[in-house]
Structure formats: structure tokens, C-alpha cells
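A short worksheet on the structure shown next.
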Amino acid sequence: MEKKGRVFSGARPTGRQHLGNYLGAIRNYVALQDEYDCIYCVVDLHALTTLQDTQRLREWTYEMVLDWLAAGIDPERGTIVFVQSHVPQVTELHTILSMIAPLGKLLRLPTYKEKVRQQPENVNYGLLGYPVLMAADIALYKATVVPVGEDQASHLEFTREIVRTFNYHFGPVLVEPQAKYTETPRVLGIDGVNKMSKSLNNHIELASSPEEIYARVHMMVTDPQRQRRSDPGRPEVCNVFSMHKIFTPPEQVKQIDHDCRTAGIGCVECKRIFAGHLIEHLAPFRERRARLSQDPDYVWNVLREGARRASVIASQVIEEVKDAVGLPKRR
Ligand code: ATP
Ligand code: MG
């Protein structure tokens, strides 16, 4: 079948994938494989901006790719999965794009300011250049569609702008991508306040055992006004209820809504029901993950082949870019 275009997305190898990654991004990674040529990248260079300790990058790369494959990303269907640093042309494109990247805009991006707040002891140049490197990731593959969570919206907008600027100055070489969101573009963490994030440790890992899932779900913050078991609850402000809407059959969701408002059900029981449905939903994932991990070379073989195929595209596009910019050809 003729594909509609190219999809690109990446994620930082900073831990196993969680429910936020799954609901906000991976669901689309998997679905888009039917209609697009898909490229999914382990952005290890991006991980260096926040990691003080880089010792676990290799382990996390393995774990994350295992999660992706178990979730249904399928190299057999032509999908490319590779490690960012294995295809170094991206750093060349990053350097070239940095020459047209407006510094004022980078300094004003909310994502940059947030990182500065989070790690005042490590405000490095890479943090500021993060969106430029991300633009290079996407532009290097001329991707048209980028499945991401809502937290990446400003970065995607930055990518579109820098691609337009490049094309304006140097000719129509790069492609302006569209962000693609799921129905749940911002999943809250178990704290019920912040975006679910590996770095905030407010997440539920997809690869968790049923016991771990029960334990994490038990920690979830519910309606703060519901102090006692006899207080009526407000499902509309409760993160557990928003999860029920995703994982629990609609009839039971209605019942829980009613029972919560009338204090007919307590938060502990409500969480237990949600955890049960989540565990059931993830069972096929856990089985596939266990099966795939029996061959420890499988992930690395997928990544080797992915890097080989990604390099073919990257080498071609970087030549077009250098040519358009006017850099002297090597003779
Ligand atoms: P870190 O804390 O290390 O940044 P993370 O948990 O934010 O990790 P990323 O690797 O940065 O995860 O994100 C991978 C993809 O998952 C991105 O497309 C991102 O937008 C999406 N994503 C991450 N967290 C959420 C969330 N809570 N809800 C929806 N999408 C999310
Ligand atoms: Mg993140």
C-alpha cells in the first residue's frame, strides 16, 4: 500500500515507559504504522541535558525499546527504530539550524524556563538548544507527522518556524511537520497535579507487575475535598476517575460516578477497581515483553538495522541541506 508520508517521534531513554507515554504518544506510534512510514528514535543525546549520571543510558535504551516493541511497534512492518547518536548527521543539521535559531525565542520557551527551575545547579547550553536539536531530528527525516504529548506542543511549533525560516533563506528543502495528539494528550501523574513524568517519579510503568500497579494506584491523589469515607466525592476533579474513563467499561464508569457522588463507594475500593482493569488491559503487553526479552540480542539487532536504514535517509537529506546552504562540496 502507498503510504501517506513519514512519521517521526522520539523519547528520552531516562527510564521505562509509563502510562503517560503510552496514552499520549505510543498509542499513536502504533496506530500510525498502518498508513505512514514510521521512524521512532531513542533520543539519547537529548537525555544528556538533564542526566548527571549517564551510567544507565544503555540499560534504559534497552528497556524503553523493549516497551515499544511490546506495545506493538513493529519493525517487521517496515518501522525504523534507532538510537539518535548512531546517526550523527543530526548533529550537523543541529549546528546549521542553530545559525538561524532565534535566541530570544529559545530563552522565552516555557519548557526551558521550567528546566532552569528544576535544575538550577545544571543550566547547560544543551538545555537551551534542546528545541533546535529536536527540530533537526524531525527535519532530517522530512517527517510530515509527529506524534507527541501536549508538553511538546511549543517545541513542535518551534520546529515548524525554524523549517519555514530555513526554507525562506535557502530554498524549499525541509518539510514543515504537523503535531499529532491522542485523545489524552496530557496525562496527570499519581500526584494528580503534574504531568506524569519519569523525572518527577509520579508515574506508573507499563512493565510493572500487578502488585506494583496496585501499590502505585493506591498512592494516587483523589478529590482533595473528600477527607472522610462518608464525604461525597467529585469525579470531575479526580484523576482516578479520569483513568476509569479510559480503562473501565462505560456502564461501570457510570456506576462509579454515581457511587462516588453519593459516597456509596470509597476511594480505596474505587482505586482497586481501576487497578484491576489496568492490570487486565496491560496483560498482553506484559506477556509480549516477557517473550521478547528471552532473546537479549533482539532489541540491539532491531536498533542496528534501524540505524542502517535511518542513515540512508539522513545522508541524503544532510547533503541536500549543505548544498542549499552553499557549503563548499568536498571534491
Ligand atoms: P522525562 O521526565 O525524562 O522528560 P517523560 O516522562 O516526560 O520523561 P519523554 O521521554 O520526555 O517522557 O516523552 C516521550 C513522549 O511521551 C513525548 O511525546 C511526550 O510528549 C509524551 N508524554 C510524556 N509524558 C506524558 C504525559 N504525562 N501525558 C501525555 N504524553 C506524555
Ligand atoms: Mg519529558
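The values are calculated or read from the model by the stated rules, or taken from the named source; none is laboratory data. Everything quoted here is computed from the prediction, not taken from an experiment. Every residue, glycine among them, receives a Cβ derived from its backbone with ideal geometry; neighbour counts consider all protein chains shown. Ligands, DNA and RNA are excluded from the accessible area calculation, which covers all protein heavy atoms including side chains. Shrake-Rupley method; radii C 1.70, N 1.55, O 1.52, S 1.80 Å.
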Conditions (1) open to solvent by less than 10 Å² (accessible area, probe 1.4 Å); (2) in a helix (DSSP H, G or I): number failed by Ala143
(2)
Scanning the range 69-81 residue by residue, the ones that are within 16 Å of ligand 1 (Cβ to nearest atom) and within 23 Å of Tyr130 (Cα to Cα) total 1
Filtered residues of the range 227-241 (kept if closer than 17 Å to Leu188 by Cβ and either part of a loop (DSSP other than H, G, I, E, B) or open to solvent by 90 Å² or more (accessible area, probe 1.4 Å) (or both))
Gly233, Arg234, Glu236, Cys238
Restricting attention to the range 189-207, which residues are open to solvent by 40 Å² or more (accessible area, probe 1.4 Å) and away from ligand 2 (no atom under 12 Å from the Cβ)?
Asp191, Val193, Asn201, Glu205
Looking only at helices (runs of 4 or more DSSP H) that lie completely in the range 1-112, which have at least 2 residues being open to solvent by 40 Å² or more (accessible area, probe 1.4 Å) and more than 16 Å from ligand 2 (Cβ to nearest atom)?
27-32, 57-71, 89-98, 103-108
Among the listed residues Arg16, Arg12, which satisfies the condition of being basic (Lys, Arg), within 9 Å of ligand 1 (Cβ to nearest atom) and out of contact with any Ser or Thr (no Cβ under 6 Å at 6 or more places or on another chain)?
Arg12
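Which residue out of Arg261, Arg286, Arg291 is over 27 Å from the mean Cα position of the chain (by Cα) and of a type in the set (Lys, Arg)? Working first, answer last.
Details: Arg286 fails: over 27 Å from the mean Cα position of the chain (by Cα); Arg291 fails: over 27 Å from the mean Cα position of the chain (by Cα).
Within the list Arg261, Arg286, Arg291, the selection yields Arg261.
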Any hit, the range 149-172, residues being in contact with an Asp or Glu (Cβ under 6 Å, 6 or more places away or on another chain), open to solvent by 50 Å² or more (accessible area, probe 1.4 Å) and within 16 Å of ligand 2 (Cβ to nearest atom)
no
List every residue pair whose Cβ atoms lie under 7 Å apart, where the two residues are 6 or more positions apart in sequence or sit on different chains, the first residue falls within the range 130-150 and is in contact (Cβ under 8 Å) with a residue 12 or more places away in the chain, and the second residue, located anywhere, is of a type in the set (Lys, Arg) and not in a strand (DSSP E or B).
Gly149/Arg186; Glu150/Arg186
